[in-house]
Structure formats: C-alpha cells, structure tokens
1. So, of the residues in region B:123-153 that are within 7 Å of another protein chain (Cβ to nearest Cβ) and within 21 Å of the chain's Cα centre (by Cα), which turns out to be farthest from residue A:299 (Cα to Cα)?
2. Return only the number of the condition from (1) crowded, with 23+ Cβ neighbours inside 10 Å; (2) within 12 Å of chain A (Cβ to nearest Cβ) that residue B:202 does not satisfy.
3. Among (1) in a helix (DSSP H, G or I); (2) over 30 Å from residue A:65 (Cα atoms), where does residue B:100 come up short?
4. Could you please find all residues in region B:161-192 being within 23 Å of residue B:113 (Cα to Cα) and at pLDDT 90 or above?
5. Name the residue, out of B:179, B:231, that is crowded, with 18+ Cβ neighbours inside 10 Å and without any contact (Cβ under 8 Å) to a residue 60 or more places away in the chain.
6. Just a yes or no: is a residue in region A:171-191 within 21 Å of residue B:242 (Cβ to Cβ), modelled with pLDDT of 90 or more and more than 26 Å from the chain's Cα centre (by Cα)?
7. Just name the residue that is farthest from the other protein chains (Cβ to nearest Cβ) out of those in region B:78-104 that are within 25 Å of the chain's Cα centre (by Cα) and surrounded by fewer than 19 Cβ atoms within 10 Å (Cβ to Cβ).
8. What single numbered condition from (1) without any contact (Cβ under 8 Å) to a residue 40 or more places away in the chain; (2) more than 11 Å from every other protein chain (Cβ to nearest Cβ) fails to hold for residue A:310?
C-alpha cells in the first residue's frame, strides 16, 4: 500500500515574500491532473453514494411520507423499533436464514472444492457447470424453485416420496417455508465459495502433503493440519461475504413467499422495502436500514477479531 | 493400483451425480417452458414434456414485452457498467499514481462506504431521483448505481501492482499523464477492467430492488421486474412463466460462459487478493 502523503514542501516556503505560491509549479500541475482524473467519479460518488449515506442519517430523524413536508421526529423512528413485532420477526427470520444458510453454503462449497481438487481431468468443465446457478437471474430461478416445491407431486416431494417420506407443503408451511428458501439460496450461491476454495486448494504446495505422508499422517490429520490452516484466509473471506450477503437477502423471499406465510419469511430488507415503498414511511425505513448497517458492522467487527486468532496468513 | 483406480472412478462418478443434481432446476425451467398449457398446469406436475410447444416462446413475448424488458436490462446493465468502469479507472489511476493534497483522506472516504449495504442508500437515492423528476427515466435508473467505491478500490489495487518503469518510459518519451494512462496503464489493466465490468454487468442484470422502486412502466422495466409483473398478471401459467424465465436467463448464461475466464479470475482475486 503506497498511501504516501505529499511531502511537506507546501508549508516551508510560505515565508518567502517574492513567491506567493507555496508549492512548486509541477506539483500544482500534478494536483490539477489528479483532480481532473478523479472528478467524474467523485461527483457521482458524492451525489449518489456518500451523500445518500449522510442523508439516510437525516431522513431517519424525520417523519416523512415523500408527498407532504417532512416533520422532525428526533429518535422516535428508532424508538418505534422496540415495540414493533414485525421488525423483531424480520430480524429473527434474517438471523435464522443467516445462521443456517451460511454454514450450509460453506460446507457444500468446501466439499465440492475438495472433490474437484482430487486430480480430476476435466476440472474446468465441472467447475463451470457447478458455477452455473451462481450466474443465473435470482428472480427467474426463484420461479423454478416454486415449481419444484409444488406441495403435491412436485419434483422435490416426488423424490422424497421415493424414500417413503411424505414431503411438507414447503412454501406455504409455517415450519418449512424458511428451510425451502434456504435450500434455494444455498443452491444459488455455493458456486462462489467453491471457486474461491478451489483456487485456495490449488495454491497449497504439494510438498506439505508429501512430507505429511512420509510422517504417516492420516487423510483427516492432513486435512485438519494442512488444508484447513492454509485455506483459512479464503474461508474467512467467504464467511464474511456470505454473512453480509445473507443479511441482505431479498429477491428470492419476495418472489417465492412474499414474506409469508404471515411474516415467517419476511426478511429485514423486505421489511425496509415494505416500510419505505408500500407504506411510504421513509423515516422509519431509513432507521431500519441504519440498524441493518449496524448489525453488519458488529458482525464484521466480531469476525475480524476472531480472525486474528484463527486465520493463518503466510507471508 | 486397483484401489486408486476405483477411487478415481468413484470421484468422477460423484462429480457427474453432483453436477447433474445441481443442474436439475435449470433443466426443469427449460423443459416445463415447452410443455402444453394443460400439461404444465395439471394438478400432478409432469417433468418431461409429452409434446413440445415451441410456440410458447412467441406466446410469452405476446403476453408481456419481454424483448423490450431484455433491451432495457441491457441498457441498465451496460450503462452502469460503462460509467462505473470508465470513471473508476480514471479515479483509481489518480489514487494509485498521482500526488495531491488530500489523497489519503479522500480515498479513506471511498473505503469507508465499502461496507455500507445498498439498502442504506436506497431511500435517499430514491428521494433524490424523485426530486429531480428522474423516476422511470434512464438517468434515474443508471446514475445512482454507477459510482460505487468497489470499482475504484479494485482497480487501484491492480494499478499499484503495475511497475512504475513502464509508465516512466512513456513519460520520458514525452507522453503526458493522460497519454500514459491510455496507452500504458489501460492496456496492461485489461484483465482487471474486464473482471470489474463482467461482475458489474451480471450484478446489475440481477438487480431487482432498485429497478423495482424506480421503474414503473415498460419504458425502463428490466427483466427481473418484468418477470415479477408476469407472475402477478398471469398467475402460475407455468409453461409461459418458465419460458419467460428461460428467455431472460439464457443471455446471462451465454455471457457467463463467454466471460467465465474473467468471472472466475474476479472471484479468486477478490477471495485471495483481499488479504
């Protein structure tokens, strides 16, 4: 990282009475060039990313439905969260989704990466095909999954029937709607982790395994003592991005269950969408979005604290 | 050698089985899309079409303007991608190579927004676009999603890895910064720029939430939102619904296979380069 600040040449010559310019000409020119390079990005970034972040803070303190003039609400929007059952239900659902889908996705990704790393001939072909779900449109494949979950004689229940299991009503079941969404989401996203893990596995020097074999270690021991530590940076990265991603789950829940039955699959982002764009309660929606942000910051900070203990970086 | 031979066969077999299971939803999407109305809506779903109905394709296009939605999706995805990669490359070059007062803190502001979820900016962006009369217009759709920090961050990382000597040589030959950027840096950074572009394009093709709040007519409606409308208006006419889903997904799948070199490089770069 070369974040070297400009040398302090600027301060020194200001006492010089004949030269009012504090910096040498070429340095000014370089600054000017730099600003010209940055300007297109900066204008857009300030207007559409950085500005809105600050505006979100302000809007969260307002009572505003977009159509009439906003009124000051102070922290009332945040206070409303406490007694709002839908908010807690959305938070609980999002936590449930995250706690189950992230470990499952990681397990599937890791298992498939290990499978593909067994010295197979056409690794690239299998890798591409297995990555396919990750490169589809969520809304489009969500439709297929609704079809797969058709309660009576749908494909999923037909397959369960072969094993003598009478499948549940999936998307309209209080108990099974969320697991159904989770299964679809694991299918949709495992490819990302798989590709990261496969690259990580391929980067592990084979000598380590050979040395371990000479020492007579078992397959499990070399997995535990070589593969996992060497793969830990990749694991950490995938866990962090998966958790952040699953806290923002929206598309499949909107299409497949529309948050139902009841509020059983209403996620935080869906509740923000409802509050802001169906109830036009922009202040409250902004407050919710900041709470979502707060959770993401907390979780990420906790992960980075754990990372110091668990992740092995070789330099 | 028989055990290792057996082990190898077992691995190949497992790969085939796992891949086949993974592809079932995509294959079923296409198969049901070609079933007859009666077959696809029967109480007992059928898997393999008993007769093929390619006319479902034209019927789906007649029910909703899928062609228009696809074109809109391309506008939206290409517009955001072009703007983002171009402006991000310029800014990333300045952050990586040029000295100017305030560089560190300005880059710090960019970095600080990396972790902020897009839902935080959703409402202010909507308010801004609404105030500027940008609802259901292309500037309103594209501009708010074309200036994220991630592009600047990724390209700056890549530019920092390009040896300064290449550029110095061009500068000694009398090239100015702009010429050095265009003739030396950009050609060297093609893989990184392509990776960013592919990711951005696929990500925006998939974007549902933003078009859902900003576009409210066929003028700017994208495929994701269009499919949702299709579901609302045509219920569960499975063959046509899944035909529409197929039509909107296939271009993305083709794009994925054409660009997967960059796509996979992008995933591994973000995963292992992000140390």
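1. My answer is B:143.
2. Among (1) crowded, with 23+ Cβ neighbours inside 10 Å; (2) within 12 Å of chain A (Cβ to nearest Cβ), the lone unmet condition for residue B:202 is (1).
3. Here residue B:100 clears every test but (1).
4. Once the filter is applied, which keeps residues that are within 23 Å of residue B:113 (Cα to Cα) and at pLDDT 90 or above, region B:161-192 yields nothing.
5. On the way: B:179 fails: crowded, with 18+ Cβ neighbours inside 10 Å.
None of the other options fit; the residue is B:231.
6. Yes, that holds for at least one residue.
7. Ranking the candidates gives B:78 first.
8. For residue A:310, the failing item is (1).
The values are calculated or read from the model by the stated rules, or taken from the named source; none is laboratory data. None of the values given here were measured: they were computed from a predicted structure. Quick reminder, even Gly has a Cβ in these numbers, built from the backbone with ideal geometry, and neighbours come from all protein chains shown.
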